[in-house]
Structures are given as structure tokens and as C-alpha cells.
1. Look through segment 117-132, keep the residues that are over 20 Å from I17 (Cβ atoms) and outside any helix (DSSP H, G or I), and return whichever of them is modelled with the lowest pLDDT.
2. May I ask you to verify whether R75 is modelled with pLDDT of 90 or more and either within 25 Å of L121 (Cα to Cα) or surrounded by 15 or more Cβ atoms within 10 Å (Cβ to Cβ) (or both)?
3. Going by the conditions given, is R52 assigned to a helix (DSSP H, G or I) and not assigned by TED's automatic domain parsing to the domain that holds R120?
4. Among the residues of segment 22-31, what is the count of those that are under 17 Å from G48 (Cβ atoms) and surrounded by fewer than 13 Cβ atoms within 10 Å (Cβ to Cβ)?
5. Starting from residues that are among the hydrophobic types (A, V, I, L, M, F, W, C) and at pLDDT below 80, keep the ones in segment 39-58 and report whichever is surrounded by the fewest Cβ atoms within 10 Å (Cβ to Cβ).
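The values are calculated or read from the model by the stated rules, or taken from the named source; none is laboratory data. Since we're looking at a predicted model, the values are computed, not measured. Ideal geometry is used to build each Cβ from the backbone, glycine not excepted, and the neighbour counts take in all protein chains shown.
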Amino acid sequence: MGEHREVEPPSMTGPVIDEWLQSRFNEEQSHFLSGIHPLSAMAMSVDGSAFRESGATVPDLVIQRWLHMCDSNRRYADQSEHSLIGVVLRQKGSWEAVADVLNLPDERAAQEYYGDLVVRLKHWPPRGPSRL
């Protein structure tokens, strides 16, 4: 397996995102949001017509932190999937088995997928150093 650098886990949201989300929802909605992934909460906070019609904007710092959350979560998923593929290869011994697990058409597609995954892991961060 290719080498990849570990990333320090960030807090799930941080005060900037927490405060912004709290400002977007009432108490009952905020309680509901506490049980869902922060990226889903962010999407829910801006995808409704009420937000669009209100003319409200998302502050630049919130956008910056939101992007950082997207990148971090994508990185963790990639690292985990890299490990998952390694387990399947060790336990099942074939790229065909990897293709089956990943629901890909064949072993070549699995190898290409893995190659793309390794490239993403080597080229971190995706848009240059974090400014946070």
C-alpha cells in the first residue's frame, strides 16, 4: 500500500460554525441538528427557500471553515477507504473481491479507483495549505 500522511482530527465544527448554525435555527431545530453530521446541518441551513428568499448571506469565515470541514471529512473517508481496501486484499486476496465490495464492474475498475485514492492521499491538502 502507498504511504500517506496522517491528518490531525479537527473538532467537528468549532465555535464559528456552531455559533452560525445556532443563529440559523430555533431551539427545537437546534436540538434536532445536534444528532446529525455537521456537514448535513450546514447544507440544511442554506438549502431551504427561506434562506434564499431572505437575502441572508454566509459570512466568509463560515464559508472558509465549512470548506475546511469538507476537506477534512473527505480526507478521513479516503484514509479509511484506503485501509478498507487493504483489508479486503489481505483477506480475500484479489482485486476482483475489492471490486465486489466497492460495487465496481471489475478488477481493473477497482485498481483504477485505488490509484485515484492514492493520488488524493498524496496530494493533501487539496487546495494548498490550510489558512485556519
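1. P129
2. yes
3. So R52 fits the description; yes.
4. Residues meeting the conditions: 3.
5. A50
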